[in-house]
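A.B. asks: What follows is a structure written as structure tokens; I'll ask about it next.
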Amino acid sequence: MKSDRTDVVILGAGIAGLMTALALRPLRVCLLTPFPLGQGCATGWAQGGIAAALAEEDSPQAHSEDTLAVAAGIAEPMAIELVTNDAPLAIEELTRLGVAFDRNEQGDLAFAREAAHSTNRILHCGGDQTGAQVMDALVAAVAAAPHIDVLEGHAATRLAAAKGKVCGVFAVAKEGEVMITAKATVLATGGLGHLYTKTTNPEAANGDGLAMAARAGAIIADPEFVQFHPTALDVDKDPLPLISEAVRGEGAWLINDRHERFMTDVHPLADLAPRDVVARAIWRQQHLGQKVFLDARARPGPGFHERFPQIHAKCRDNGIDPASDLIPVTPAAHYHMGGVLTDLQGRTSLKGLWACGEVASSGMHGANRLASNSLLEGAVFSRQVAKSIKTETLAIDEGSRALDRPLVSDAPTPQPQISRAIRKIMYDHVALERCAAGLREALLSLDELACGLSPSDQASTNMITTAQILTAAALLREESRGAHYRSDFQQTAKNGRRTLITLRDVEALIRTLATKAA
């Protein structure tokens with residue numbers, strides 16, 4: 001098995017991973033990605049933009065208040081304050097790196113509005129091409145950075161860890177398994193949306209980073225909170241193309257088969273209500289036998305192709321002209337508010353391991369994410385992680401090669417049949433509406449799948465592990481809050497609490513359920 005050493009190893013190459021790598025100069029950084037740099041991550045697909053209180057009539061406090069209101073009572077105010085206060089610095093840094101945010105006719109930054117924001121504060125690039133343009137700029141900066149070594153085609157499978165300390169990672173490449181020993185390891189592997197049959201996330205978003213951390217003993221926070229985007233394009237594609245809620249921000253509205261604007265009876269903000277409210281409303285219309293559409297014929301109307309060129313192209317690829325046709329939409333798994341528990345420096349519960357971006361849970365999002373806060377969180381916490389690592393006194397453990405017994409993985413990605421089975425279980429039982437019976441059935445079904453795996457099939461194991469952690473947390477939270485809705489516990493508890501769970505807790509719960517079912 002090939003081995004190497006570096007100062008910092010980063011898993012993942014989205015906005016969080018790339019900005020962390022850049023901020024770690026002059027430390028030596030090894031950046032692992034299974035794909036060519038700039039591909040395979042959710043950042044490049046982001047349409048909505050980046051929220052930042054930069055307008056004269058806006059303030060970080062107002063941004064914080066909006067974020068806290070949507071988070072449904074369990075957010076960490078200090079994390080929110082950190083991110084909203086540092087948002088201008090993050091935008092300044094991205095601009096310095098070459099990101100060109102849209103401007104109005106006067107040459108000033110153009111601010112848009114999205115659901116649950118009290119004012120216009122969303123910055124875009126090229127209308128709906130924010131993520132793609134951010135990635136282009138960051139990839140160029142990383143490629144030009146002499147302190148960063150990029151290892152493409154390397155799929156991380158597990159952390160090298162012992163006695164609560166992480167000192168590197170095992171990965172699979174064409175030449176076999178590789179171990180990279182590092183003073184600091186950073187998880188920036190993204191989310192878990194591909195655990196569901198309907199998702200806007202790339203195939204790599206299987207929650208592998210969360211699973212690797214959990215298997216090493218890390219505490220996982222709030223894994224039950226999965227945000228379903230209300231308006232994915234309802235076509236025969238996997239993943240589903242996203243229809244940004246910025247389209248609703250421009251005046252489009254939701255209707256059903258009867259051409260009824262059902263959201264006006266659901267929430268005072270109607271079509272711009274928080275995402276979980278809109279997604280469940282669409283879900284319920286579908287369960288009543290209604291199809292749901294986005295009507296953008298009047299607004300944005302004829303200017304749709306100029307305002308949203310990427311979305312327009314995706315619609316036209318599927319035979320839909322948004323200026324004259326109704327756009328069929330459906331909820332789809334989009335963003336994970338939970339993740340590996342971190343503090344305000346991005347440190348996890350394991351020494352030597354940091355996390356940032358969607359794989360992490362700083363507590364900023366609570367039970368529900370405010371629109372366009374995700375890219376911002378990744379940008380801000382990348383700086384926090386880099387500063388923390390630079391101030392830590394870390395040394396490579398000379399005996400680290402013996403900390404974890406090397407295995408040769410059968411494949412760097414989950415087996416297709418295992419992936420299909422997991423995704424069906426999760427969408428059937430652990431999606432927008434949940435109940436105890438369905439969650440128990442899901443846990444037992446996932447355990448049955450796990451029992452049939454080869455010990456060397458690390459990728460499938462990681463996917464199942466993440467699904468089990470999410471499902472167990474959903475079963476244990478006997479209330480409805482934010483993106484987590486229980487049909488058998490519809491009320492929200494008076495005293496909100498965060499979920500803190502380990503893989504050991506989950507395994508104990510599964511054993512108890514299996515014993516009762518026997």
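The values are calculated or read from the model by the stated rules, or taken from the named source; none is laboratory data. As the structure is a prediction and not an experimental result, all values here were calculated from the model. When we count neighbours, we look across all protein chains shown, and the Cβ atoms used for this are built from the backbone with ideal geometry, even at glycine.
A.B. asks: Run Met135 past the list (1) out of contact with any Cys (no Cβ under 8 Å at 6 or more places or on another chain); (2) at negative phi; (3) at pLDDT 95 or above; (4) buried (at least 18 other Cβ atoms within 10 Å of the Cβ) and report the number of the one that doesn't hold.
C.D. replies: If we test Met135 against (1) out of contact with any Cys (no Cβ under 8 Å at 6 or more places or on another chain); (2) at negative phi; (3) at pLDDT 95 or above; (4) buried (at least 18 other Cβ atoms within 10 Å of the Cβ), just (1) comes out false.
A.B. asks: Quickly run through the range 172-201 and pick out the residues that are crowded, with 23+ Cβ neighbours inside 10 Å and either among the hydrophobic types (A, V, I, L, M, F, W, C) or free of Cβ contacts under 8 Å to residues at least 12 places away in the same chain (or both). Reasoning before the result, please.
C.D. replies: As a first pass, look at the range 172-201 and keep what is crowded, with 23+ Cβ neighbours inside 10 Å: 172, 180, 182, 184-196, 199-201.
Val172, Ile180, Ala182, Ala184, Val186, Leu187, Ala188, Leu192, Leu195, listed by residue number.
A.B. asks: For the structure I just gave you, tell me whether Val247 is modelled with pLDDT of 95 or more and β-branched (Val, Ile, Thr). I'd like the intermediate steps shown before the answer.
C.D. replies: Values: modelled with pLDDT of 95 or more: no; β-branched (Val, Ile, Thr): yes.
No.
A.B. asks: A further question follows. In the range 93-107, how many are over 17 Å from Gly378 (Cβ atoms) and of a type in the set (D, E, K, R)?
C.D. replies: The qualifying residues number 3.
A.B. asks: While we're on this one: Does the range 202-217 contain any residue that is within 30 Å of Gly249 (Cα to Cα), touching a helix residue (DSSP H, G or I) at 6+ places or on another chain (Cβ under 6 Å), aliphatic (A, V, I, L, M) and surrounded by 23 or more Cβ atoms within 10 Å (Cβ to Cβ)?
C.D. replies: Yes, the conditions are met somewhere in the range 202-217.
A.B. asks: Right, next: So which residues in the range 462-505 are among the hydroxyl-bearing types (Ser, Thr, Tyr) and either in contact with a Ser or Thr (Cβ under 7 Å, 6 or more places away or on another chain) or assigned to a strand (DSSP E or B) (or both)?
C.D. replies: Residues of the range 462-505 among the hydroxyl-bearing types (Ser, Thr, Tyr): 465-466, 471, 480, 485, 487, 492, 499, 502.
Correct list: Ser480, Thr492.
A.B. asks: Yes or no: Arg481 touching a strand residue (DSSP E or B) at 6+ places or on another chain (Cβ under 9 Å), under 19 Å from Arg280 (Cβ atoms), of a type in the set (Lys, Arg) and modelled with pLDDT of 95 or more?
C.D. replies: Working: touching a strand residue (DSSP E or B) at 6+ places or on another chain (Cβ under 9 Å): no; under 19 Å from Arg280 (Cβ atoms): yes; of a type in the set (Lys, Arg): yes; modelled with pLDDT of 95 or more: yes.
The answer is no for Arg481.
A.B. asks: Checking the structure you have, find out if any residue of the range 55-69 is in a loop (DSSP other than H, G, I, E, B), hydrophobic (A, V, I, L, M, F, W, C) and in contact (Cβ under 8 Å) with a residue 24 or more places away in the chain. Outline the logic, then answer.
C.D. replies: Here is the first cut: in the range 55-69, the ones in a loop (DSSP other than H, G, I, E, B) are 55-59.
Checking which are hydrophobic (A, V, I, L, M, F, W, C) leaves us with 55.
Right, trim to in contact (Cβ under 8 Å) with a residue 24 or more places away in the chain and you get 55.
For the range 55-69, residues in a loop (DSSP other than H, G, I, E, B), hydrophobic (A, V, I, L, M, F, W, C) and in contact (Cβ under 8 Å) with a residue 24 or more places away in the chain: present.
A.B. asks: From the list Ala508, Ala459, pick out the single residue that is assigned to a helix (DSSP H, G or I), at pLDDT below 95 and farther than 15 Å from Met337 by Cα.
C.D. replies: Working: Ala508 fails: at pLDDT below 95.
Answer to the selection: Ala459.
A.B. asks: Exactly one condition in (1) surrounded by fewer than 16 Cβ atoms within 10 Å (Cβ to Cβ); (2) in contact with a strand residue (DSSP E or B) (Cβ under 8 Å, 6 or more places away or on another chain); (3) not assigned by TED's automatic domain parsing to the domain that holds Gly176; (4) not basic (Lys, Arg) is not met by Ala143; state its number.
C.D. replies: Just one mismatch for Ala143, condition (3).
A.B. asks: Any residue in the range 283-300 that is among the charged types (D, E, K, R), crowded, with 20+ Cβ neighbours inside 10 Å and either at pLDDT below 95 or over 26 Å from Ala71 (Cα atoms) (or both)? Before the answer, list the steps.
C.D. replies: Narrowing the range 283-300 to residues among the charged types (D, E, K, R): 284, 291, 295, 297, 299.
The next check asks that each one be crowded, with 20+ Cβ neighbours inside 10 Å; those that pass are none.
Within the range 283-300 (the criterion being among the charged types (D, E, K, R), crowded, with 20+ Cβ neighbours inside 10 Å and either at pLDDT below 95 or over 26 Å from Ala71 (Cα atoms) (or both)), the answer is no, since none of the residues qualifies.
A.B. asks: Still on this structure, please answer the following. If you go through the range 91-104 one residue at a time, do you hit one that is β-branched (Val, Ile, Thr), surrounded by 16 or more Cβ atoms within 10 Å (Cβ to Cβ), touching a strand residue (DSSP E or B) at 6+ places or on another chain (Cβ under 9 Å) and modelled with pLDDT under 95?
C.D. replies: Checked against the condition, which is being β-branched (Val, Ile, Thr), surrounded by 16 or more Cβ atoms within 10 Å (Cβ to Cβ), touching a strand residue (DSSP E or B) at 6+ places or on another chain (Cβ under 9 Å) and modelled with pLDDT under 95, the range 91-104 yields no hits at all.
A.B. asks: When you look at Ala145, is it modelled with pLDDT of 95 or more and either more than 28 Å from His229 (Cα to Cα) or over 23 Å from the mean Cα position of the chain (by Cα) (or both), yes or no? Quick ask: steps written out before the conclusion?
C.D. replies: On the way: modelled with pLDDT of 95 or more: yes; either more than 28 Å from His229 (Cα to Cα) or over 23 Å from the mean Cα position of the chain (by Cα) (or both): yes.
Spelling it out, Ala145 is indeed modelled with pLDDT of 95 or more and either more than 28 Å from His229 (Cα to Cα) or over 23 Å from the mean Cα position of the chain (by Cα) (or both).
A.B. asks: Take Ala355 and decide whether it is farther than 24 Å from Arg477 by Cα, aliphatic (A, V, I, L, M) and touching a strand residue (DSSP E or B) at 6+ places or on another chain (Cβ under 7 Å). Even if it seems obvious, please write down each step before you answer.
C.D. replies: Working: farther than 24 Å from Arg477 by Cα: yes; aliphatic (A, V, I, L, M): yes; touching a strand residue (DSSP E or B) at 6+ places or on another chain (Cβ under 7 Å): yes.
Yes; evaluated as a whole, the condition is true for this residue.
A.B. asks: Would you check which residues across the range 1-48 are surrounded by fewer than 24 Cβ atoms within 10 Å (Cβ to Cβ), part of a helix (DSSP H, G or I) and hydrophobic (A, V, I, L, M, F, W, C) and list them?
C.D. replies: Across the range 1-48, the qualifying residues are Leu22, Ala23, Trp45.
To keep it simple, each residue is scored yes or no on (1) in contact with a strand residue (DSSP E or B) (Cβ under 8 Å, 6 or more places away or on another chain); (2) more than 26 Å from Ala46 (Cα to Cα).
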residue: Ile180; (1), (2): yes, yes
residue: Lys183; (1), (2): yes, yes
residue: Thr199; (1), (2): yes, no
residue: Glu203; (1), (2): no, no
residue: Ala211; (1), (2): no, no
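A.B. asks: Something else about it: Is it the case that Leu151 is under 30 Å from Arg307 (Cβ atoms) and either in a helix (DSSP H, G or I) or touching a residue at least 24 places away in the same chain (Cβ under 8 Å) (or both)? Steps first, answer last, please.
C.D. replies: Working: under 30 Å from Arg307 (Cβ atoms): no; either in a helix (DSSP H, G or I) or touching a residue at least 24 places away in the same chain (Cβ under 8 Å) (or both): yes.
Against the criterion (under 30 Å from Arg307 (Cβ atoms) and either in a helix (DSSP H, G or I) or touching a residue at least 24 places away in the same chain (Cβ under 8 Å) (or both)), Leu151 does not qualify.
A.B. asks: Additional query: For the list (1) over 29 Å from Asp343 (Cβ atoms); (2) among the β-branched types (Val, Ile, Thr); (3) surrounded by fewer than 20 Cβ atoms within 10 Å (Cβ to Cβ), I need the number of the one condition that Thr231 fails.
C.D. replies: All conditions pass for Thr231, except number (3).
A.B. asks: Considering only residues that are under 23 Å from the mean Cα position of the chain (by Cα) and farther than 16 Å from Gly357 by Cα, which ones fall in the range 173-206? Give the derivation first.
C.D. replies: Applying the first criterion (under 23 Å from the mean Cα position of the chain (by Cα)) to the range 173-206 yields 184-206.
Ala184, His194, Leu195, Tyr196, Thr197, Lys198, Thr199, Thr200, Glu203 - these are the residues of the range 173-206 that are under 23 Å from the mean Cα position of the chain (by Cα) and farther than 16 Å from Gly357 by Cα.
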